[in-house]
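Colleague: Below you will find the structure I want to go over with you.
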């Protein structure tokens, strides 16, 4: 360790390209699964000027352990793991790597939608078990169906373009979106539940939209709807979704995020037909890893430079 100011990374690694940008700082890695108490201890020891958030949560307690903290930079787009109110009260800026993993997450949403519509997982299992179900199986054709997007940021717009390319009608809800492409019809949230054959969540998690997919909203959906979630698990009431899939009202759910992560085991979705699950890796590609790291480092440096200039 040198006399350079410290930046804590709440993870075990950071892209070399990002580390190169942070040459004026000492980087301290918190490990693969840092807990709150670990981050508090590291903050007290190093008094970092910045924290780059990969895993775990940054609470007010962590911030109070680092009186020199100026910026908390998310290695990704979702900042729900950062206590933003506490940061604002302490004059700490919060940034996100907006759009850095958009291509990766949109592609994963497409993969989950296709896996659900085409029964990829159960057919694969049947084939490996020696069965040939051509005479009895029918998949769902997506061409001509309506996909409803909740969230029309960088990820949602990329996914919308993919859906348009395969001939789907695209509707979307996002109160903050402007200048939408002509193939996306902006609609009220009620229309998403009522009109969609596929619903895909690509919005941040907030106090207002927690459990937005619940028994009441699912009951308003078309029978046989497909749900895709590559956003945050807290958007979905998991018990209500399980019941809807079991009843057949929801034909299938492709999920990359869960209310508690890592997903608890045993979990109510495990072993259940109609669920395609992945461990929140939609944004985890080699390219996105570099893009998110570079964006997080760039955002961190920008804030610290601005703070330094203001103090000069």
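The values are calculated or read from the model by the stated rules, or taken from the named source; none is laboratory data. Please read all numbers here as calculations on a predicted model, not as lab measurements. Positions of Cβ are generated from backbone atoms using ideal geometry, with glycine treated the same way; all protein chains shown enter the neighbour counts.
Colleague: Counting residues that are within 28 Å of residue 144 (Cβ to Cβ) and within 22 Å of the chain's Cα centre (by Cα), which strands (runs of 3 or more DSSP E) fully inside the range 175-238 reach at least 3?
Modeller: 198-201, 225-229
Colleague: Quick one: would you say residue 140 is assigned to a loop (DSSP other than H, G, I, E, B), in the same structural domain as residue 223 (by TED's automatic domain parsing) and within 21 Å of residue 110 (Cα to Cα)?
Modeller: Criteria met by residue 140.
Colleague: Right, here's the next one. So which residues in the range 213-240 are under 21 Å from residue 282 (Cα atoms) and in contact with a helix residue (DSSP H, G or I) (Cβ under 9 Å, 6 or more places away or on another chain), if there are any at all?
Modeller: If the condition is that a residue be under 21 Å from residue 282 (Cα atoms) and in contact with a helix residue (DSSP H, G or I) (Cβ under 9 Å, 6 or more places away or on another chain), then 213, 226, 227, 228, 229, 230, 231, 237 are the ones that fit.
Colleague: Something else now. Filter the range 269-312 down to residues that are in contact with a helix residue (DSSP H, G or I) (Cβ under 8 Å, 6 or more places away or on another chain), part of a helix (DSSP H, G or I) and without any contact (Cβ under 8 Å) to a residue 60 or more places away in the chain, then give me how many there are.
Modeller: 0
Colleague: Restricting the range 97-106 to residues that are outside any loop (DSSP other than H, G, I, E, B) and buried (at least 21 other Cβ atoms within 10 Å of the Cβ), which is nearest to the chain's Cα centre (by Cα)?
Modeller: Going through the qualifying residues, I end up with 105.
Colleague: On to the next question. Please work out which residue is nearest to residue 173 (Cα to Cα), limiting yourself to the range 112-149 and to residues that are free of Cβ contacts under 8 Å to residues at least 60 places away in the same chain and touching a strand residue (DSSP E or B) at 6+ places or on another chain (Cβ under 6 Å).
Modeller: Top of the filtered list is 149.
Colleague: State yes or no: is residue 181 surrounded by fewer than 16 Cβ atoms within 10 Å (Cβ to Cβ) and either farther than 22 Å from residue 108 by Cβ or at pLDDT below 95 (or both)?
Modeller: It is false that residue 181 is surrounded by fewer than 16 Cβ atoms within 10 Å (Cβ to Cβ) and either farther than 22 Å from residue 108 by Cβ or at pLDDT below 95 (or both).
Condition check ((1) outside the structural domain of residue 21 (by TED's automatic domain parsing); (2) out of contact with any helix residue (DSSP H, G or I) (no Cβ under 6 Å at 6 or more places or on another chain); (3) at pLDDT below 95; (4) under 17 Å from residue 7 (Cβ atoms)) across all residues:
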position: 47; (1), (2), (3), (4): no, yes, no, yes
position: 50; (1), (2), (3), (4): no, no, no, yes
position: 57; (1), (2), (3), (4): no, yes, yes, no
position: 65; (1), (2), (3), (4): no, no, no, yes
position: 78; (1), (2), (3), (4): no, yes, yes, no
position: 81; (1), (2), (3), (4): no, yes, yes, no
position: 87; (1), (2), (3), (4): no, yes, no, yes
position: 94; (1), (2), (3), (4): no, no, no, yes
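Colleague: With respect to residue 244, determine if the residue is in contact with a strand residue (DSSP E or B) (Cβ under 9 Å, 6 or more places away or on another chain), surrounded by fewer than 19 Cβ atoms within 10 Å (Cβ to Cβ), modelled with pLDDT of 95 or more and part of a helix (DSSP H, G or I).
Modeller: no
Colleague: Determine whether residue 109 is surrounded by 19 or more Cβ atoms within 10 Å (Cβ to Cβ), in a helix (DSSP H, G or I) and touching a residue at least 40 places away in the same chain (Cβ under 8 Å).
Modeller: So residue 109 fits the description; yes.
Colleague: Looking at 12, 41, 20, can you tell me which residue is surrounded by fewer than 19 Cβ atoms within 10 Å (Cβ to Cβ), under 21 Å from the mean Cα position of the chain (by Cα) and not in a strand (DSSP E or B)?
Modeller: 12
Colleague: Given the criterion closer than 30 Å to residue 309 by Cα, touching a residue at least 24 places away in the same chain (Cβ under 8 Å), under 15 Å from the mean Cα position of the chain (by Cα) and surrounded by fewer than 23 Cβ atoms within 10 Å (Cβ to Cβ), identify the matching residue among 56, 153, 78.
Modeller: 78
Colleague: While we're here: Among the listed residues 233, 271, 254, identify the single one that is at positive phi and assigned by TED's automatic domain parsing to the domain that holds residue 109.
Modeller: 271
Colleague: Another question, if that's okay. Test residue 28 against the criterion of being at pLDDT 95 or above, outside the structural domain of residue 232 (by TED's automatic domain parsing) and assigned to a strand (DSSP E or B), and give yes or no.
Modeller: yes
Colleague: Among the residues of the range 64-81, write down those that are in contact with a strand residue (DSSP E or B) (Cβ under 8 Å, 6 or more places away or on another chain) and closer than 20 Å to residue 289 by Cα.
Modeller: Passing the criteria: 72, 73, 74, 75, 76, 77, 78, 79, 81.
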